[in-house]
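The structure appears right after this line, and notes come after that.
The numbers here are math on the coordinates, done by the rules we state, and not lab data. The structure displayed is predicted, hence computed values, not measured ones. Heads up, the Cβs are rebuilt from the backbone with ideal geometry, glycines too, and the neighbour counts pull from every protein chain shown.
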Amino acid sequence: MKKSQITGRPLFYSLIIISAILILTVGVKQIKESSLKAKEIEKITYYTTLKNLIQKQALKSFGKLNEKTIMLPKGIEKICFIDRTKNISPFTNCNLNEEIKKYGDKNIFFEPFNKFEPIYIENFKLDESENPLCLKTFRSTVKLSLKSMGNYTLISTLKPSDKTSDCIPLLYNSPYNNSVDIVFLGYGYKNKDTYRKDVKEYIELFLETEPFKSNKEKINFYMIEDFSSIECEIKSWIKCNEFKAKTLASNCPNDYIIILVDRSKIKDMINPIRSSAKSNIAKINTADKNTVVLHEFGHIFGNLADEYVDEKYYSRINFDPRDYPNCDTTPCSKWSLVPNTSCFKGCSLSKYRRATKNSIMRSLTVNSFGPLNEGVLKERLDLYG
Amino acid sequence: MVALKTIIKKNILLIIGLILIPAIHTEAVCNKVFVINLNYNQGSITYKNKIIKCGFPPDYKIQPEEGYRLELMSPEDKVVYSIKFEVPLKAYTDEVNSYMLSGGLLILNQTDFALVLPYYENAKNIVIYNQNNEKILSINLTEEKPSMRKQSFIWVLLILIITIFIMLLLYRHKKKKYTKTTAETPLQRYPPFYPPNYPG
């Protein structure tokens with residue numbers, strides 16, 4: 001064999017290998033392309049069915065309701081309808097906001113957004129309270145409620161549990177970048193209805209109590225229903241993973257976070273746990289009297305100290321009343337100009353003084369913060385709105 | 001020979017190109033936030049991890065007069081966003097006994113804490129200063145993107161190495177076989193055949 005033949009061999013083999021890789025790559029690409037084409041045809045079929053259904057429903061007699069189960073292409077996790085003639089909530093699906101901006105002429109979006117192109121179907125509208133309407137799919141199907149409104153179809157769902165929302169605004173009074181945004185999360189709830197009921201009760205309590213009552217236009221309340229990612233440790237007091245809680249809470253505007261920890265009263269009588277407050281997060285034991293939420297919020301929002309006396313706790317730490325607006329030393333010069341205040345003995349430690357005989361920061365027998373604390377909280381509320 | 005080399009070169013480039021296509025991926029930009037996970041322990045702050053997600057940052061209207069300062073820096077070392085914050089070392093724990101409260105404040109000397117910050121596309125790093133204005137922590141925000149590219153290059157490199165290795169093996173195997181065949185004489189390979197009437 002010639003020398004040139006020997007040196008040419010590795011090149012020959014490498015050429016074979018490279019050609020094999022190329023053929024393989026091109027082959028795989030071709031298979032993928034043809035399967036993609038098949039999927040594209042499948043998609044078109046599904047979308048045409050949906051389009052026909054919506055348009056046919058619009059032609060039916062006014063008010064006629066129809067519940068339909070629609071088939072969707074495989075892989076779609078959520079379908080989001082938007083009505084561009086009405087206000088679109090930015091809180092329903094954070095990632096959808098950018099898609100809406102990106103595809104200005106489309107009104108039906110599919111999640112995962114990066115895998116499915118949005119489409120446009122005319123002749124449908126949504127109720128303003130559910131715009132966008134995002135519904136989760138079940139085995140590539142989704143249930144829709146279609147109501148004929150004369151010349152268009154009103155799309156909704158008969159099964160509210162199918163609706164998904166990253167963040168549910170419960171009381172939206174002013175733009176979120178200029179208001180106190182309080183977001184509720186849950187922990188330990190087995191029943192979502194109980195959680196919703198609890199959140200509603202706590203919000204009502206806020207709105208009944210001064211200074212929040214007269215400044216409600218500066219406060220927005222939100223709720224996150226899917227709180228499965230939260231991690232809390234229930235020992236003598238409630239401790240939650242701050243990173244996970246804040247990550248989840250960031251689905252909503254989140255100046256302050258309230259985590260409701262579901263506890264039965266009986267269980268709590270046997271093994272009492274403490275509500276707590278740290279950073280901008282209040283963790284509430286729902287077995288406690290509900291005004292405890294105001295007490296904890298007083299800590300995180302107003303930097304208010306405890307006005308009850310617990311020598312055992314407070315003598316161990318270097319408690320300094322100068323760090324808090326509601327505790328002072330005699331003669332209580334901090335609030336000497338605040339009407340209806342006095343200089344009562346006991347504020348965290350018995351040697352310090354408080355402004356009112358009783359307030360939410362002292363005990364839960366009253367539903368008022370007292371004139372001094374109300375003023376402190378109002379001052380902070382005035383930074384908004 | 002030159003033509004063969006060019007073909008090989010072209011093929012290799014094509015393969016690299018085909019491998020790299022899926023790695024070039026553009027992601028939609030929306031209302032994003034950085035969620036930074038930090039740890040405080042006896043005066044020092046360490047970085048644990050972070051995520052970038054779609055979401056809303058707090059507006060930080062209430063900030064402490066004195067405290068730590070966090071700055072988001074641009075590649076030109078300009079401050080694009082800044083806040084003051086306190087490490088949450090105060091934990092209020094309140095026991096409710098019917099309507100009466102007891103318990104109190106715990107002062108922690110170590111804690112994990114998190115900050116939600118607005119996302120800036122051009123942010124290069126996050127810098128944290130203590131109360132004395134001393135830089136105590138810098139978090140690189142650009143490390144994620146190159147690591148993704150690195151991964152795809154590792155892939156290409158791996159494929160190339162394997163191909164070269166296979167080529168080398170084949171070459172060695174063939175070379176061995178060739179030297180073996182040239183070393184052997186035809187007599188060695190085939191035992192001599194003597195006809196039955198061969199003398200001796």
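Structure notes:
- Degrees separating the helix A:370-381 axis from the principal Cα axis of chain A, which is the longest one: 30
- Over all pairs of different C-alpha atoms in the stretch A:20-148, the reciprocal of the mean inverse distance, the Kirkwood hydrodynamic radius, equals 16.2 Å.
- Gyration tensor over the Cα atoms of the protein assembly as shown: the corresponding equivalent ellipsoid has semi-axes (square roots of 5 times the eigenvalues, largest first) of 65, 36, 22 Å.
- Chain A: angle of helix A:3-59 to the longest principal axis, Cα-based, in degrees nearest 10: 70
- Under 25 Å between alpha carbons - lysine pairs in the stretch B:33-141 that sit 8 or more apart or on different chains: 26
- If you run the Gaussian network model on chain A, springs between alpha carbon atoms under 10 Å, then out of A:Ser363, A:Ser333, A:Ser140 the most flexible one is A:Ser333.
- Peptide A:271-282 has a mean of 5 when you count, residue by residue, the C-beta atoms of other protein chains within 10 Å of its C-beta.
- Inter-chain Cβ neighbour count for B:70-81, averaged per residue, equals 0 (cutoff 10 Å, partner chain atoms only).
- Theoretical FRET efficiency, 1/(1+(r/R0)^6), r = Cβ-Cβ of A:Asp105 and B:Asn122, R0 35 Å, to 0.05: 0.70
- Nitroxide proxy distance, nm - points 7 Å out along Cα→Cβ at A:Glu311 and A:Asn290: 3.7
- A Förster radius of 56 Å, combined with the Cβ-Cβ distance separating B:Leu89 from A:Lys115, puts the computed FRET efficiency at roughly 0.80.
- Pair A:Lys200, A:Leu383: separation of 7 Å Cα→Cβ label points (nm): 3.3
- Label zone of A:Asn66 (point 7 Å out along Cα→Cβ, amide N under 16 Å): in the stretch A:103-132 this covers A:122-125.
- Counting Cβ atoms of other protein chains within 10 Å of each Cβ in B:166-173 and taking the mean gives 4.
- Here the calculated FRET efficiency for A:Lys56 and A:Asn177, from their Cβ-Cβ distance with R0 = 41 Å, stands at 0.40, rounded to the nearest 0.05.
- Across the stretch A:206-316, C-alpha contacts under 8 Å between residues 6 or more apart give a mean separation that, scaled by the residue count, equals a relative contact order of 19 percent.
- Nearest 10 degrees, 0 to 90: helix A:292-302 Cα axis against chain A principal axis: 90
- Overall form of the stretch A:139-245 per C-alpha gyration tensor (a/c, 1.5; a/b vs b/c): oblate
- Least to most buried among A:Val183, A:Val338 (fewest other Cβ within 10 Å first): A:Val338, A:Val183
- Proportion of all alpha-carbon pairs of the stretch B:33-141 beyond 25 Å (%): 28
- Of the residues A:Phe109, A:Ser89, A:Phe319, the one whose Cα sits farthest towards the positive end of the charge dipole of chain A is A:Phe109 (charges of +1 on Lys and Arg Cβ, -1 on Asp and Glu Cβ, taken about the Cα centre).
- The separation of the stretch A:255-312 from the stretch A:80-159, counted between C-alpha centres, amounts to 39 Å.
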